[in-house]
Structure formats: structure tokens, C-alpha cells
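The block underneath contains the structure these notes are about, expressed in C-alpha cells.
The values are calculated or read from the model by the stated rules, or taken from the named source; none is laboratory data. Keep in mind the model is a prediction, meaning the values are calculated, not measured. A quick note on method: Cβ atoms are made from the backbone with ideal geometry, for glycine too, and the neighbour counts reach across all protein chains shown.
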Amino acid sequence: MQTQTLILSKPAPLTLHPAAVYLSALAPGSRPTMEQALNSIASLLTNGECDAMTLDWAALRYQHTAAIRTALMRRFAPATANKMLCALRRVLLEALRLDLMGANDYAKAVDFKSVQVKKNLRGRALKSDEIAALMQVCVEDSAPQGARDAALIAILRGAGLRRSEAVNLDLKDFSASIGRLEVRCGKGGKDRMVYLPTSAVAVVEDWLSVRGRKPGPLLCPIRKGKKVELRQLTPQAVLWIVKKRAQEAGVELFSPHDFRRTFCSDLLDCGTDIVTVQKLAGHASPVTTSKYDRRGEETKRRAVENLDIPYTPRKRK
């Protein structure tokens, strides 16, 4: 594969650069991830010579995209590889729309299959005693981090937020009187309203007594001098906090997303209809929500017991 033919001979205006046009249309929370994906693809195609902005995306043909699919399939988990391939398809679509690529070349270049994803959902739902242990180690930590981490766990577990959504919350997004959180620019750039249980509202209020009521991010970093900084936590910091508290509580390691799995699974288990769970979780489709249903065969058996079929047995002669 000749890499020189894939390198832009001169910088293209951002309005005519397919990668730049694609990235500019994304929500702020999604842009860094997808830009990194495009940088990785460009680097793979050119042995590290190009990034997303110096690769000539319109020059890609089927042999390039097929090779990229194979490379991504070998290097990444299926879900990650498919996310990167989605970015590739979208950039090529922008190249077509910008008249940088012919329709025939485009059709051939995007004619590759997604990487097959295993059907079983990764991760796990947390048990109630595990969540209690996590909260307990936060309560026993008298430093400001204890109150902050308890609030973070209460939000992740009580509202089922993605970690990127949790760190984007501002103080103004929290309404204690009705336990409401306004999630702004969630996945797909969509806003939604979610609600915390009363017990979780109390945890957030305890954190606010430490944080103060000044406008700014709801969840904040804390300096070594125990001073709260009114700036956002990073999603990576959430991962670190969850890992740290799990180790302190003696809980088997899990990911922040497992709080979300627990949220969806518990709501379905207590009989909440799947459309309501879908709206609370911010899923695009109930099909995605159904993957979080871990209730098993016994729940299905009990469900059909509620169906009544009027029947009087015949008298046998």
C-alpha cells in the first residue's frame, strides 16, 4: 500500500476537509473520542505519517478500508472497532457530500462489514450489599473526597448516568426539591431529564454542604489542601475513584458503567416498563435497553402466571 498517495499535498480548508466537517457536527463530549479514532486510522494507513487532518480521506478505496477493518479487528474489542469503523464511514460520506469522492468509489469503499460483537453483555450488575459497602467507605472518609465520592456513586447508581454525563452536570442542573437532574448533551447530543431517589438526593445535599452553592460543576476535584476546585472532574477521574473505593470496600472490581447496568436491571426487575427505562437511560432504542435485562427465566415464568384463561374442565365420563 503506497502511503504517499494518501497524504494531503497541501492543507485543505476546514470547510472542505471531510474529517473536520464530520468532527464539527459531533457533540462536544463525543468529539475527542472520535477524533482519536480517526487519528488512529490515519496512522495505521500511513505507518504513523498522518493524522486525521493530514490524511487524504477522499483517496481511500476498498483495499484501504478492508485493510483497516482487519487491523482494527485484531487490535481492539469489537465494540471499539465498530465505533472506529463508524467514524470512517461518516468521514467518507462527508467526502462524497463535498464532491471530493465519486459515488462509485464511495460505495465500494464503505462496502465492508462491521466486526461481529458477542451477544453476551459485558460487565455485571452490582449487588445491594456491594453498593452499601461502597457507600460506607465514603461515609467513613471524613475528608471532602468522602462526601464527593458518595455523591458520585449515588448519581451513577441512582440515575444510571454515563460517567461523561455525570461529570458534565452543573449545580443548576440539580433540583433537590423533586430530585431532578438535567442531563445536557448526553450521547448523540441529546438532553433529558432524570430523577434521583430521595436517599440519593440526601447524599448529594451532603456533598453540597462541603462544595458550597457557587455556580459551576456539580462534581469537582479536590486539592491536597482539601480545597474544592470549581471545575469539572474528568471521565478518567471517575474511573479512578470507582476503582479506589472498590478496593477499600473489598468489592470485586467493576466499571462505572456497571452502575448503569445495575440501574437498568433493577428497574426492569421491579416491573418498570421498558420504554420508561429506555427514556431514563437515554437509549436510542428499547432494543438496547433490553440487553440490560438480566432477570432470567423465572421472571418470565412468573409473568405469564398473571394471564388468565377462562376454562372449566370437561367432566369425564
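Residues in segment 253-264 that are more than 16 Å from LEU196 (Cβ to Cβ) and in contact (Cβ under 8 Å) with a residue 24 or more places away in the chain: PHE254, SER255, PRO256, HIS257, ASP258, ARG261. Just a yes or no: is a residue in segment 49-64 among the β-branched types (Val, Ile, Thr), assigned by TED's automatic domain parsing to the domain that holds GLY102 and in contact with a helix residue (DSSP H, G or I) (Cβ under 6 Å, 6 or more places away or on another chain)? Taking every residue of segment 49-64 in turn, none turns out to be among the β-branched types (Val, Ile, Thr), assigned by TED's automatic domain parsing to the domain that holds GLY102 and in contact with a helix residue (DSSP H, G or I) (Cβ under 6 Å, 6 or more places away or on another chain). Looking across ALA125, ALA132, one residue alone is within 22 Å of the chain's Cα centre (by Cα) and closer than 24 Å to SER265 by Cα. It is ALA125.
Give the residues of segment 216-229 that are within 25 Å of ILE178 (Cβ to Cβ) and either of a type in the set (Ser, Thr, Tyr) or modelled with pLDDT under 95 (or both), sorted by residue number. Answer for segment 216-229, where residues must be within 25 Å of ILE178 (Cβ to Cβ) and either of a type in the set (Ser, Thr, Tyr) or modelled with pLDDT under 95 (or both): there is none. Residues in segment 141-185 that are outside any helix (DSSP H, G or I) and either in contact with a Phe, Trp or Tyr (Cβ under 9 Å, 6 or more places away or on another chain) or under 22 Å from ASP266 (Cα atoms) (or both): GLY160, LEU161, ARG162, ILE178, GLY179, ARG180, LEU181, GLU182, VAL183. Residues that are within 19 Å of MET193 (Cβ to Cβ) and in a loop (DSSP other than H, G, I, E, B) within segment 265-274 comprise THR272, ASP273, listed in sequence order. Within the option set VAL251, VAL277, VAL242, VAL287, being touching a His at 6+ places or on another chain (Cβ under 9 Å), in the same structural domain as GLY158 (by TED's automatic domain parsing) and either among the aliphatic types (A, V, I, L, M) or not in a helix (DSSP H, G or I) (or both) holds for one residue only, VAL277. For segment 178-191, a residue qualifies if it is within 17 Å of the chain's Cα centre (by Cα) and surrounded by 15 or more Cβ atoms within 10 Å (Cβ to Cβ), and the qualifying residues are VAL183, ARG184, CYS185, GLY186, LYS187.
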